[in-house]
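Data block below; observations after.
Each reported figure results from applying straightforward, stated rules to the coordinates on display, with no laboratory input. Bear in mind that the values here come from a model prediction, so they are computed numbers and not experimental data. Ideal geometry is used to build each Cβ from the backbone, glycine not excepted, and the neighbour counts take in all protein chains shown.
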Amino acid sequence: MTLIPFLAALMLAGSGQKPAKPTFYYIPHTHWEGAVFETREEYLEEDLFHILEALRLMERYPEYKFALDQVAYFKPFLERYPEQAAKFRKYVKEGRLELVGGMDVMPDDVKIGGEMFVRQIQYGKGYCRKALGLDIEVAWLLDTFGHSPQLPQVLNLGGFKSFWFCRGAPTDDGPSEFLLKGIDGSTIPSFRLPGFYGLLYGPPRDQKAFNKFFIDRYNYLKPNARGSERVGLAGNDVSEPEDYVTPLVRAFNKEPDAPLTIRYAVPSEFAKVVAKRKDTPTEAYDLNPIFPGTYSSRVELRQTAKALETKLLDVEQISALSNWAGLPTSDFQLWQAWEPALFNQTHDLASGTMNDHVYVDTVKSYDFASRLTNEMLADRWGKLASHIDTSGEGSPLVVYNPQGWARTDLAQVDLFFADTGVTGLKVVDTSGAAVPMQITSLTRYGDNALMRLKLAFVAKDVPACGYSTYRVVPTNGEVKANEEAGGPANTIENEFYKVTVDTKTGAITSVIDKGLGAEMLSGPANVVSRKDDHGDLWTLYKPLDGTEHLPNMEHQPVPDASTATLSTAFSDKDGTTWHGPVYSEFIVSHPLGAGRFSTKIRLTHGVRRIDIETELVNKDKHVRYQVLFPTAISGGKTVQEIPFGAIERPTGVEFPANNWVDYGNGEHGVALLNSAMPGNLVTDGTMMLSLMRSVNLGDYNGGDTSDTGYELDTPRTLRYALVPHAGSWREAGLARAGQEFNSPLLAFKVESHKGSLPSTWGLLQIAAPNVIVTSVRPGPDHTVIVRLYESCGKPMHGLAVKLNAQLLGANEANLLEDTTGKLAVQGNTLIIDLRPYEIKTLKLKLAPAPMRGMR
């Protein structure tokens, strides 16, 4: 015993006072599932009365408190029970009913993009501010399947003061209260819950047994606790508040020999107790991977979410420019479309771990959000485009680039003709120069005039967050679909790569990086493996253990012919190779067991990327599909993108990667980009991407029907790409490559007319390739909000962000778009600093777009 506690004990003994008892902070709550075994509406119908019961217990027992999470749960309560709103607000104000979470749902934060997670915070905290005058400070992600290593920074920027979770710590031996450190150095007070969120739920009704229950639970926490004050949660999945517990708690606390005091509490109370400690440790770990099977179960749900997030971000950006151009848009409509997408990121829905009944309902809600988004995109782009000068010969095409850097990539559009005598066409840029084009399909009228065609061309240097105008000019010449420029049947190439394929199996047998003059593969690649998998929608190869909470670090070997069925074991007729002026492409299709495998490999001129699109038709239950790329890299390390950053991860273990994973040794490497397929690993130099699985719930929840999880007889299209490169992953600009792959250029057909906006224009210019713009959206008070981050772990000092519009002022903001400080402005340029992996939100005040002469 040290001197000070010893003297304090002597003083208490001399005064006749007993030492204060340890306190066990007891937090009642309910974990509302959102949707998993019942739909959203069914859970609401059955479980809103739990909130009524919590209010009743607060009215009955002055000491009773309750934690309530998820706006998607308590917002409907306030709407459907307005007569209870005053009581609800009263207890919130008193601090006895604490609203936690601050998001629409309890989302998965490792499978979705960073901006989708930010919208969770904006929607949830925005509602609480507006409806309740409340800022939620407790991040409540109890049941989520892993967490992003950027979470501390994101939560801090979102105004959270603490983070509560159950899964992801590397061992059970670590502290339960600590500071979690993110990849940028940010920390947040964090509370890991040994025994999960139901540790104190369902105690015995007998007083003696009740007393033992609480004492045992308190002692259970001793190995992880840092002090005599400890916390336990009392709640379970959609559980009802326990009305019998309070009298037992009162009786326990009255017993003179009780070794501790049970105190009703809410999370922020215990967080304040821990904040006073001076020995709080700091921990820095990944909090992944949890339930790797969810990375590829019902893959179509993640594909839909990714596509919807991308399109909603496009709508936001176009809305911001429309507002600047004097064409106001509705923020309400945007949130109407965002909310179903946000709800569907609740951890079970984002992971595909639901029954068929809920799956169908989830797809319907995505369809609703997609329809709203498409309508907004058409309407808001149409209004903005009406002010662009598109006058000139022929029909204008405006190519829009939503990324924060000038970009060269493929543009594609469907064209229709009603003119007689038009048998040919050309595409010209703003200078009038013809650009190479490729017609991929073509229909003519009976007189040989063009009726309909699909057109592809490379749009060069389209400005950042802006557009370039091209023109389709009719000619008297003849055009053909997929006119070949000549070349071998087994090879396609552009200025960056030469790719050789097996024309029967679709395997890539060679990738030569022309800049390096080197082979990047060590064996056949783009080989799909089908392996037996008797796991369920959560877990690979084995049924779910619902108590799993530690990262799954199981080593996964490379599948071969002895352990899996490989696509190279099957063939049919030779594939087709096109060598076009815009892109070259190889396509093949053949059986894969009882199912079917088709793959399309494309190289586009001017684009440093090997695009691959593979379609699988599965006819087998209990299998998983991966695609294999054996690299020629020696001594490589695995680096994976996470939301707003990147992290090195162990080889041989499957982790969730956001848009890309790189395997390189600093001198050269190979990056594998993915579109909504986060399951990635590298074993023995072979990069492996999890494509899809054919599994169901198994016996979980009484054997609910979940046969859609088998993915039978439904074609699934999987998109991924290779980027071989010189230098390190940082030098290769992979953050930009991943964004570009998942956010194609938008090609719009518009009317020809004069306009006040120039034919080519972009909002901003940032020279640093490691700075990534993730969002441009309308802000409060007629501002434009730009969010960016440093992507390579490299500090940036005096970074210039140049605006191609008159800049009246600039402030820094948090994720809720509250102003946090002024930024230095020089003319139309603002100057900022960025820490490694720092996320920064810029709040810009722009002068309205001039009516003419703006260049």
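Worth a mention:
- Amide hydrogen neighbours beyond the local backbone of Tyr541, cut-off 5 Å, H modeled: His534, Gly535, Asp536
- Set the Cα radius of gyration of region 661-811 against 2.2 N^0.38 Å, with N its number of residues, and you get 1.48.
- Bins of 5 Å, starting at 0 and running to the largest distance - Cα pair percent for region 795-855: 4, 17, 24, 23, 17, 7, 5, 1, 0
- In plain terms, the bigger the Kirkwood radius, the slower the diffusion; for region 176-279, with that radius from Cα pairs, at 4 °C and 1.567 mPa s, Stokes-Einstein puts D at 85 µm²/s.
- Two-decimal log10 I(q)/I(0) for region 551-672, as the Debye equation yields it once each C-alpha is a single scatterer, q = 0.11, 0.12, 0.21 Å⁻¹: -0.53, -0.63, -1.32
- Along region 238-255 the Karplus relation, 6.51 cos²θ - 1.76 cosθ + 1.60 evaluated at θ = phi - 60°, assigns HN-Hα couplings of 6, 8, 8, x, 8, 7, 9, 7, 4, x, 5, 5, 4, 5, 4, 5, 7, 6 Hz to successive residues, with x for each Gly and Pro.
- Applying a threshold of 24 Å to the alpha-carbon distances of Lys222/Lys272; Lys794/Lys840; Lys161/Lys276; Lys311/Lys364; Lys208/Lys272 flags Lys208/Lys272 as lying beyond it.
- Estimated translational diffusion coefficient (Stokes-Einstein, Kirkwood radius over Cα pairs, 10 °C, 1.306 mPa s) of region 281-351: 108 µm² per second.
- Normalised contact order of the chain, rounded percent, pairs of Cα under 8 Å and 6 or more residues apart: 13
- Angle of helix 40-60 to the longest C-alpha principal axis of the chain, folded into 0 to 90 degrees and rounded to 10: 30°.
- At q = 0.16, 0.29, 0.30 Å⁻¹, base-10 log of I(q)/I(0) for region 660-709 (Debye sum, equal scatterers on each alpha carbon): -0.61, -1.07, -1.11
- Helical content of the chain, expressed as a calculated mean residue ellipticity at 222 nm, amounts to -7500 deg cm²/dmol (DSSP H runs of 4 or more residues, -39,500 (n - 2.57) each, divided by residue number, nearest 500).
- About the Cα centre, charge dipole magnitude for region 399-534 (Lys/Arg +1, Asp/Glu -1 at Cβ), debye: 160
- Mean projected area in nm² (Cα convex hull; one quarter of hull surface) for region 25-171: 9.5
- Between 0 and 90°, nearest 10: helix 71-80 axis offset from the chain longest Cα axis: 70
- The ellipsoid that matches the Cα gyration tensor of region 372-466 has semi-axes, each √(5λ) in whole angstrom, of 25, 17, 14, with the longest given first.
- Under 5 Å from the amide H of Leu846 lie the amide H atoms of Val784, Leu808, each residue being 5 or more positions distant or on a separate chain, with H modelled from the backbone and absent for Pro and chain starts.
- Using only alpha carbons, region 420-522 has a radius of gyration to Kirkwood radius ratio (Rg to Rh) of 1.08.
- Fraction of alpha-carbon pairs over 24 Å apart in region 735-853 - percent: 33
- The lysine pair count for region 487-640, using Cα distances under 28 Å and pairs eight or more places apart or on different chains, is 25.
- Of interest is the spacing of the C-alpha centroids, which for region 740-770 and region 637-709 amounts to 33 Å.
- Scanning residues 5 or more positions from Asn658 or on other chains, those with amide H under 5 Å from its amide H are Glu641, Ile642, with H placed 1.01 Å from N in the peptide plane.
- Charge dipole (Cα centre; +1 on Lys/Arg Cβ, -1 on Asp/Glu Cβ; no other charges) of the chain amounts to roughly 2180 debye.
- Positive-end ranking of Thr708, Pro189, Ser297 along the dipole of the chain, with charges on Cβ about the Cα centre, is headed by Pro189.
- For region 696-758, the dipole from Cβ point charges (+1 on Lys and Arg, -1 on Asp and Glu) about the Cα centre works out to 640 debye, to the nearest 20.
- Projected area, mean over directions - region 545-587, Cα convex hull, nm²: 7.1
- 3J(HN,Hα) from dihedral phi, region 816-825, Karplus parametrisation 6.51/-1.76/1.60, rounded to Hz, x for glycine, proline: 8, 6, 7, 5, 10, x, 7, 10, 6, 10
- Crossing angle, helix 85-94 versus the chain [Cα axis fit, 0-90 degrees, rounded to tens]: 70
- Compared with the alpha-carbon gap, the fully stretched path from Ala847 to Glu667 is longer by 60.1 nm at 0.36 nm per residue.
- Scattering from region 101-174 was approximated by placing one identical point on each alpha carbon and applying the Debye formula without solvent; log10 I(q)/I(0) at 0.18, 0.24 1/Å stands at -0.68, -1.14.
- If you bin all the Cα-Cα distances of region 239-313 at 5 Å, starting from zero, the percentages per bin are 3, 9, 9, 9, 11, 10, 11, 13, 11, 6, 5, 2, 1.
- Between region 520-539 and region 197-217, the Cα center-to-center distance that results, in Å: 47
- In sequence order, region 629-641 has phi-based couplings of 9, x, 9, 9, 7, 10, x, x, 10, 9, 10, 10, 6 Hz under the Karplus curve 6.51 cos²θ - 1.76 cosθ + 1.60, θ = phi - 60°, and Gly or Pro positions carry x.
- Each principal axis of region 464-519 carries a Cα extent, and these read 42, 34, 19 Å when sorted largest first.
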